[in-house]
Amino acid sequence: MDGNQPVGMIGLGIMGAAMSKNLLEAGFRVVGYDIAPLALQAFAGRGGETADSVAAVAAKADILITSLPSTAALFDVVRELKVVAQRERIVAETSTFGLDDKLKAQQELAEVGIVMLDCPLSGSGSQALERDVLIYGSGPREAYDRCLSVFNGFSRAPHYLGRFGNGSKMKYVANLLVAIHTVAAAEAFALARRAGLDPAQMFQVVSDGAGGSRALQVRGPMLIADSYLPIRTMPLDLWRKDLRIIGDFANALSCPTPLFSASVPLFNAAVASGYGHQDTAAVCMVLEALAGLPVHPPQRIPSSSTERS
């Protein structure tokens, strides 16, 4: 795409902020919008051009990236885009939502000539800051190819997966593994502490061997400190949305997921224990309590950590 043509970023929470940061550093003009004034202020501080509405973003950019916290936010964006003056636009939707909701959004945008791509990201917020995420792209190939330079600007590797919806399906599979690996990493730390091992030493030794994983690497510093703010991956409250989507997807296919199903109650217990505003790795606190280890009360969320993703 023309380097002078802005890229639109709708949603400037954890992931949207990271994507826009990397696009700006790659030399793109980025115009962005978020309902949260602090998110807009931070975006402007990084050199982004702020807009006061979704429509204002669409008026300046033909390629729009959406990173949203809920399907309600998605359909709010769709409604605003449908009344913008019509011209050729592409919306690359990077959030993790149920496939039915994404298909409905795609169909509504198609009514006004807007092409939507299903492009969820694989990677945490901290990985996104380092341009270390994957894009699971799906939808019309021509539209995907038009967005490729943008995708390369904020990801380590974009992957084209074919028909619309395949990106989300791949993301569900990836997130199933993330859920299991996160609980496994937390369980290992709880066991190490119960056994009297030094958590930092355990992390260093285990990470270097067959027991290492990407989930362990990303969450290791939090698990060593047993402190889960500021958020490095995703808040537990928001993560539960992804867990429900994966469970519904697997159930619709009558596909057993016993390890995933065993993990979900532990994340729910972490939220019920008051850790919903903390990182997903805070599931370790539940396992530590079950192991009879001392557990500190939930941390209060800092005002600067109320970002959307």
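Taking only the alpha carbons of the range 213-260, we obtain Rg and Dmax values of 14.0, 40 Å in that order. Decide, for the range 188-236, between rounded, prolate and oblate: order the square roots of the alpha carbon gyration tensor eigenvalues as a ≥ b ≥ c, take rounded if a/c falls under 1.5, and otherwise choose prolate if a/b is larger than b/c, else oblate. Verdict is oblate for the range 188-236. When you count the other C-beta atoms within 10 angstrom of each residue and take the mean per peptide, 51-63, 201-213 line up highest first as 51-63, 201-213. Over the range 163-214, all Cα pairs binned in 10 Å intervals from 0 give whole-percent P(r) values of 22, 39, 21, 13, 4, 0, listed from short to long. Figure note: Asp132, Asp279 ranked by solvent-accessible area, largest first, 1.4 Å probe, ligands and nucleic acids not counted: Asp132, Asp279. In a DSSP loop and with at most 12 other Cβ atoms within 10 Å, the trypsin sites (Lys or Arg not before Pro) in the range 160-263 are Arg163.
Glu108 sits with roughly 40 Å² accessible to a 1.4 Å probe, with DNA, RNA and ligands left out of the calculation. Each listed q (0.14 Å⁻¹) maps to a log10 I(q)/I(0) for the range 68-113 from the Debye sum over equal C-alpha point scatterers, namely -0.30.
Tell me which of Gly8, Leu24, Gly139 sits at the most positive position along the dipole axis of the range 1-149, charges placed on C-beta atoms (Lys, Arg +1; Asp, Glu -1). Ranked along the dipole, the leading option is Leu24.
Extension gain, Leu253-Val173: 0.36 nm per intervening residue step, less the Cα-Cα distance, totals 27.5 nm. Within the straight-line cut-off of under 19 Å between alpha carbons, the lysines reachable from Lys21 are Lys60, sequence neighbours fewer than 8 places apart in one chain being disregarded. The stretch between Ser149 and Ser227 holds 24.3 nm of extra length on full extension. This uses 0.36 nm per residue minus the Cα-Cα distance. Cβ-Cβ distance of Lys241 and Gln204, R₀ of 41 Å, FRET efficiency by 1/(1 + (r/R0)^6): the value works out to about 0.75.
Here, the range 34-166 has an Rg and a Dmax of 14.3, 38 Å when only alpha carbons are counted. The spread of Cα positions in the range 111-186, taken along each principal axis and listed from longest to shortest, comes to 46, 24, 19 Å. The aspartates and glutamates whose alpha-carbon is closer than 15 Å to the alpha-carbon of Lys82, local same-chain residues fewer than 8 away aside, are Asp62, Glu108, Glu111.
With the convex hull of the Cα atoms taken as the outline of the range 10-74, the averaged projected area works out to 4.0 nm².
Ranking Ile245, Ile65 from most to least accessible surface, computed with a 1.4 Å probe over the protein chains only, gives Ile245, Ile65. Using a Gaussian network model of the chain whose springs link C-alpha atoms within less than 10 Å, name the residue from Ser95, Ser138, Ser263 with the highest mean-square fluctuation. Maximum fluctuation in the GNM of the chain, among the listed residues, is at Ser263. Solvent exposure of Leu290, expressed as accessible area, is near 130 Å², computed with a probe of 1.4 Å over the protein chains only. Screening the chain for whole DSSP H helices with an alpha carbon extent of at least 30 angstrom along the helix axis and a mean Kyte-Doolittle hydropathy of at least -1.0 yields 166-194. Across the alpha-carbon set of the range 174-309, the Rg to Rh ratio works out to 0.96, Rh being the Kirkwood radius.
The values are calculated or read from the model by the stated rules, or taken from the named source; none is laboratory data. Small disclaimer: the values here were computed from a predicted structure and weren't measured. Note that we place each Cβ from the backbone using ideal geometry, even for glycine, and neighbour counts take in every protein chain shown. Protein only, heavy atoms only, side chains kept; ligands, DNA and RNA dropped before computing areas. Shrake-Rupley method; radii C 1.70, N 1.55, O 1.52, S 1.80 Å.
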